[in-house]
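Participant: Structure incoming, see below.
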Amino acid sequence: MNDRLEYFVEAAPPYTADRPESLWRRLGDHWEYLSLFDWRWHRPDRTKFIKPPRSEVLYPVTAERAAELAADHQVWVRYWAYYSSVYRWRAGDPPTTVIRRRNSPECQLDEGFMRDNKWHEDSAIDDFWDPHTSNPPHLIEINADEAEVIIRERRGISGAINL
């Protein structure tokens with residue numbers, strides 16, 4: 001058995017090796033993934049729902065790069081500015097709030113920053129992409145810094161994007 005850990009990022013589109021979907025490591029035939037919720041390593045063979053990713057979406061990274069990625073919680077999160085409609089966006093109205101997605105191997109979590117100044121599960125991303133939604137919101141993808149600015153301007157809260 002190989003005693004050296006190998007590290008990989010999973011990056012199926014729209015994710016890239018620089019902005020990956022998840023982080024995996026392997027020792028021989030034994031795989032583990034980094035949970036984007038508790039930031040610990042977990043074995044997928046302890047659940048019937050999580051399988052190691054397909055080899056065509058895995059990209060090897062060094063142990064040093066894996067440590068950098070594991071420490072940078074924001075690299076795993078995608079953010080969107082939320083507008084109640086495309087018309088409000090076109091009119092130049094400011095976004096109402098921020099939506100984020102964490103796509104961890106154990107589940108995908110979409111959240112919106114709500115009026116109580118907390119993150120809550122939200123369906124805005126699915127509604128935006130669903131062609132059957134009669135009045136979908138309009139989302140513009142932004143980075144973490146832009147998300148922080150929107151929340152600070154709209155809600156007066158700093159540090160809301162911290163994980």
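Participant: How about the range 7-64: which trypsin sites (Lys or Arg not before Pro) there are in a DSSP loop, with at most 16 other Cβ atoms within 10 Å of their Cβ?
Facilitator: Answer in residue order: Arg40, Lys48, Arg54.
Participant: Report the far tail of the P(r) of the chain, meaning the percent of Cα-Cα pairs longer than 18 Å.
Facilitator: Percent of Cα pairs beyond 18 Å in the chain: 63.
Participant: Averaged over every viewing direction, what's the projected area of the C-alpha convex hull for the range 6-71? Give it in nm², one decimal, please.
Facilitator: Convex hull of Cα atoms, orientation-averaged projection: 4.5 nm².
Participant: Also: Pick from Pro14, Pro60, Pro44: which is most flexible by mean-square fluctuation in a GNM of the chain where alpha carbon atoms under 10 Å apart are linked?
Facilitator: Of the options given, Pro14 has the highest mean-square fluctuation.
Each value in this text was obtained by applying a stated rule to the coordinates, not by laboratory testing. This structure is a prediction, so every number in the text was calculated from the model and none was measured. Virtual Cβ from ideal backbone geometry, glycine too; neighbours counted across all protein chains shown.
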